[in-house]
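All remarks here apply to the structure that follows.
The values are calculated or read from the model by the stated rules, or taken from the named source; none is laboratory data. Quick caveat, the model's predicted, so the values are computed rather than measured. All Cβ positions, even for glycine, are placed from backbone atoms using ideal geometry, and neighbour counts span all protein chains on display. Ligands, DNA and RNA are stripped out before the accessible areas are found, and what is left, the full protein with its side chains, is counted by its heavy atoms. Shrake-Rupley method; radii C 1.70, N 1.55, O 1.52, S 1.80 Å.
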Amino acid sequence: MNSKPSQRFPELQVVELFDDEMDRDVKYTTLQTCCEWSDPYESSVLFYLKKNTWELFSQTPRVIFWLLEGSKEAAE
């Protein structure tokens with residue numbers, strides 16, 4: 001799972017969830033409940049969250065772990 005500010009929509013944060021991630025269904029359901037909208041792609045889904053929602057959401061221990069897990073996979 002990666003996240004970055006949206007270039008097209010400055011007030012939103014984009015979170016990319018890859019299809020082959022561990023706990024993908026849990027992550028998908030969690031992100032789907034708090035996003036403004038989502039776009040499915042070939043091997044991932046992009047979720048668009050309001051920045052203030054993302055700031056609150058990303059501070060939860062579960063999401064911090066997911067983000068760390070994603071950055072470890074990207075480094076490998």
Task: Surface per residue (accessible, 1.4 Å probe) for the chain, Å² - done: 67 Å²
- [ ] Sum up the charges of everything whose Cβ sits under 12 Å from the Cβ of Tyr41, counting Lys and Arg as +1 and Asp and Glu as -1, but leave Tyr41 out.
- [x] -4
Task: In the stretch 29-61, GluC sites (Glu not before Pro) in a DSSP loop with at most 14 other beta-carbon atoms within 10 Å - done: Glu36, Glu42
Task: Options Met22, Gln32, Ser43, ranked by Cα towards positive dipole end of the chain, top entry (Cβ charges) - done: Gln32
Task: In the stretch 1-74, the chymotrypsin sites (Phe, Trp or Tyr not before Pro) that fall in loop regions by DSSP, at most 16 other Cβ within 10 Å - done: Tyr41
Task: Dipole moment magnitude, nearest 20 debye, the chain about Cα centre, only Lys, Arg, Asp, Glu C-beta charged - done: 380 debye
- [ ] Add +1 for every Lys or Arg and -1 for every Asp or Glu among the other residues with Cβ under 15 Å from the Cβ of Trp54, and state the total.
- [x] +1
TODO: Go ahead and estimate [θ] at 222 nm for the chain from helices alone: -39,500 (n - 2.57) per DSSP H run with n ≥ 4, summed, over the residue count, rounded to 500.
DONE: -13000 deg cm²/dmol
